Structure formats: C-alpha cells, structure tokens
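A.B. asks: Take this structure, written in structure tokens, and hold onto it; I'll ask about it next.
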Amino acid sequence: MGENNTEMKEKLTIPKLIEEAQFFCVVQSKFQHKELFGVTDGKAVGTLIEQKFQKHLHHKYEVTIGSSASGVDLPSEDILTDIKVTSIKQPQSSCPFKDAKQKIFGLGYNLLVFVYDKTDDEKTKTATLNFVNCSFVSKERTADYTTTFRLREMVKDKANEADIIAYLQDKNIPADEITLSQLAEQILQTPPKQGYLTISNALQWRLQYQRIVALVDDISGISKIVSYNKPK
C-alpha cells in the first residue's frame, strides 16, 4: 500500500489551478524559447503555451485534459475551464459559437487567460514571453460587457419583453424571433450577471480581454493571478 501512495496524484481544484497558473507565469517568463524566435503567428505561440501548461498540470495532478471535440481544455465538471493564451498587443481569441445565449448569460465555462508580451533576442535567437497578465474568469462573468450592462439597466428601468427584444434585434444577436422572445423572458425573470468580455458576433465568437487586463477593481468571480500594468 505504502509504495503506491507516492504515485497518487492530488486532484486538481480551481484554487490549485490558479496557484499553478501563477507559478507557470513566473517560470515561463524567464524561459527562452528557441522554437518561438521570429514566430509572429499568435495561434502557434498560444498552442505551444497551452500544451506546456496542460503538461505541467498533468504531471502534478489528477486532471482531465479535453479533446478538441469537447471544446474545453479542462472539461471535468468541477474545473470546466478553457485555457486562452493571447498577446498583449491584441488580447483576444476565438471560441466556438454554440448559442446566442452565451453573449448574455456567459459562455458556460470558466476561462483562464494568459496574456504575454513577446520579445525576440537577435543575439541568442530566442524569444521570451513575459506574462504581463493572467486572470481566472469564472463562468458567470464570461458574457459580453456592454450587452449585460445595458440589459441589467433595462430590467431595472422596468422594460418589458418587447423592449428587450427590440434591443437584442438592434444589437444583431444571432437568433430567430422565437429564440429572442424566449431570451427576453429569461432576461426579465433572471437578469444576467455583469459580464467582462467583449464578444463580437461572427461564425465563431471573438472574445476580447482588454477590459479584464485593465481591471483594477475587485470583482467577484474574476481572480487577477498576475498583473503588471505597464507604465506608459
């Protein structure tokens, strides 16, 4: 029995995930990547870092790593977190479009967002990724900022279903009339929580993280894991 204990991995939890993300940012910011020198494709950088972080978690914890089919990197119910890696130049990424509701009520899963500033060193022919920001955004904060802000105001101002439908149509929420009417009903019954992403309509949602990077207030459901607000 005693021998097997050394192989028992600890189960990953959200607090542990946040702790590991912080550790990972510090370690990786010192690391010189030969394979990323001169690479300008954000997707290639993102994929490499995502895989490194997943490997790091897998090595230490009992954790389910998602397949591309599941769409979420860490799909187990208690973690349910997608890892996003993006450049500070334009902190954004895309995610599959499932349902117009995602823009109003959130994506349905948490996000762990790593934001890096990449510099290439001509002498050593290596690239350094300085992680300037890392945030854990719990799923109830993953809706679109402006849409939720306005809808919350409308509900407070006693808007009715027709008002809400008109607003959603005005904002080109990708849904048919029946769906819009159901959405309006749901919004009036349970007003959405204030979201902090900017979500642009497209075949895939485009998620922009500028607001999360710039966030200085404490917001429940958003953990700033690493934050270097660079002086101008």
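Every number here is computed from the coordinates shown, using simple stated rules; none is lab data. Predicted model, so just to flag it, every value in this text is computed and none were measured. Because the Cβ atoms are built from the backbone with ideal geometry, glycine has one as well, and the counts that use them run over all protein chains shown.
A.B. asks: Amide H neighbours of residue 97 under 5 Å, at least 5 residues apart or on other chains, H built in the peptide plane: list them.
C.D. replies: 205
A.B. asks: Right, another one. Taking only the alpha-carbon positions of segment 110-232 and ignoring solvent, what does the Debye formula give for the base-10 log of I(q)/I(0) at q = 0.16, 0.22 Å⁻¹?
C.D. replies: -0.85, -1.24
A.B. asks: While we're looking at this one, here's another question. When we measure straight from the Cα of residue 139, which lysines land under 20 angstrom away, once same-chain ones fewer than 8 places off are left out?
C.D. replies: The qualifying lysines are 16, 84, 98, 101, 103, 193, 224.
A.B. asks: I'd like the antiparallel share, as a percent to the nearest 5, of DSSP beta bridges with both residues in the chain.
C.D. replies: Around 75 percent of the beta bridges assigned by DSSP in the chain are antiparallel ones.
A.B. asks: Okay, moving on. Would you mind estimating how fast segment 67-116 diffuses translationally, via Stokes-Einstein at 20 °C and 1.002 mPa s with the Kirkwood radius over Cα pairs, in µm²/s?
C.D. replies: D, rounded to a whole number, is 180 µm²/s.
A.B. asks: Now for a different question. Using only alpha carbon pairs under 8 Å that are at least six residues apart, calculate the relative contact order of segment 135-207 and give it in whole percent.
C.D. replies: 51
A.B. asks: Pull out a ≥ b ≥ c, the square roots of the eigenvalues of the alpha-carbon gyration tensor of segment 160-232, then state rounded if a/c is under 1.5, prolate if not and a/b is larger than b/c, and oblate in the remaining case.
C.D. replies: Cα axes put segment 160-232 in the prolate bin.
A.B. asks: Pick from 62, 122, 161 the residue whose mean-square fluctuation is largest in a GNM of the chain, springs joining Cα atoms under 10 Å.
C.D. replies: 122
A.B. asks: Treating cross-link reach as a plain straight distance, find the aspartates and glutamates whose alpha-carbon is under 19 Å from the alpha-carbon of residue 123, omitting any fewer than eight places away in the same chain.
C.D. replies: 35
A.B. asks: Also: Using 0.36 nm per residue of separation minus the Cα-Cα distance, give me the extension gain between residue 186 and residue 98 in nm, one decimal.
C.D. replies: Result: 29.9 nm gained on full extension.
A.B. asks: For segment 92-156, what is the convex hull volume of its Cα atoms per residue in Å³?
C.D. replies: Cα convex hull per residue, to the nearest whole number: 108 Å³.
A.B. asks: Calculate one ³J(HN,Hα) per residue across segment 35-40 by plugging θ = phi - 60° into the Karplus curve 6.51 cos²θ - 1.76 cosθ + 1.60, and present them in order as whole Hz with x for glycine and proline.
C.D. replies: 6, 9, 4, x, 7, 9
A.B. asks: If a/c stays under 1.5 just call it rounded; otherwise compare a/b with b/c (prolate if a/b is bigger, oblate if not). Do that for segment 1-133, with a ≥ b ≥ c from the square roots of the Cα gyration tensor eigenvalues.
C.D. replies: Oblate shape, in that a/c is at least 1.5 and b/c is the bigger or equal ratio.
A.B. asks: Ok, one more. Taking the chain as the reference, fit the longest principal axis to its C-alpha atoms, fit the long axis of helix 145-156 to the helix C-alpha atoms, and give the angle between the two in degrees, 0 to 90, nearest 10.
C.D. replies: 40
A.B. asks: Grab the DSSP H runs of the chain that are 4 residues or longer, score each as -39,500 (n - 2.57), total them, divide by all residues and round the 222 nm result to the nearest 500 deg cm²/dmol.
C.D. replies: Taking each H run of at least 4 residues, the total per residue is -11000 deg cm²/dmol.
A.B. asks: Name the long-range amide H neighbours of residue 144: under 5 Å, sequence gap of 5 or more, or other chain; modelled H, no Pro or chain starts.
C.D. replies: Here 104, 106 satisfy the definition.
A.B. asks: Right, another one. Of the residues 156, 118, 16, which exhibits the maximal mean-square fluctuation in a Gaussian network model of the chain defined by a 10 Å Cα contact cut-off?
C.D. replies: 156
A.B. asks: Using θ = phi - 60° and the Karplus curve 6.51 cos²θ - 1.76 cosθ + 1.60, what whole-Hz ³J(HN,Hα) does each residue of segment 190-198 get, with Gly and Pro shown as x?
C.D. replies: Working through the residues one at a time gives 10, x, x, 6, 5, x, 10, 9, 10 Hz.
A.B. asks: Is segment 27-68 best put as rounded, prolate or oblate by its Cα gyration tensor, with a ≥ b ≥ c the root eigenvalues, rounded for a/c under 1.5, and otherwise prolate when a/b is larger than b/c, oblate when not?
C.D. replies: oblate
A.B. asks: Quick one: helix 177-189 against the long Cα principal axis of the chain, what's the angle to the nearest 10°, folded into 0 to 90?
C.D. replies: Helix 177-189 sits at roughly 80 degrees to that axis.
A.B. asks: Name the most mobile residue of 66, 106, 195, meaning the one with the largest mean-square fluctuation, in a Gaussian network model of the chain with Cα contacts below 10 Å.
C.D. replies: 66
A.B. asks: Calculate how many DSSP beta bridges within segment 75-179 are antiparallel, expressed in % of all such bridges and rounded to the nearest 5.
C.D. replies: 60
A.B. asks: If you don't mind, there's one more thing I want to ask. Using a Förster radius of 41 Å, what is the FRET efficiency between residue 60 and residue 39 based on their Cβ-Cβ separation? Nearest 0.05, please.
C.D. replies: 0.90
A.B. asks: As a footprinting exposure proxy, order 61, 209 by other Cβ within 10 Å, with the fewest listed first.
C.D. replies: Final ranking by Cβ density, sparse to dense: 61, 209.
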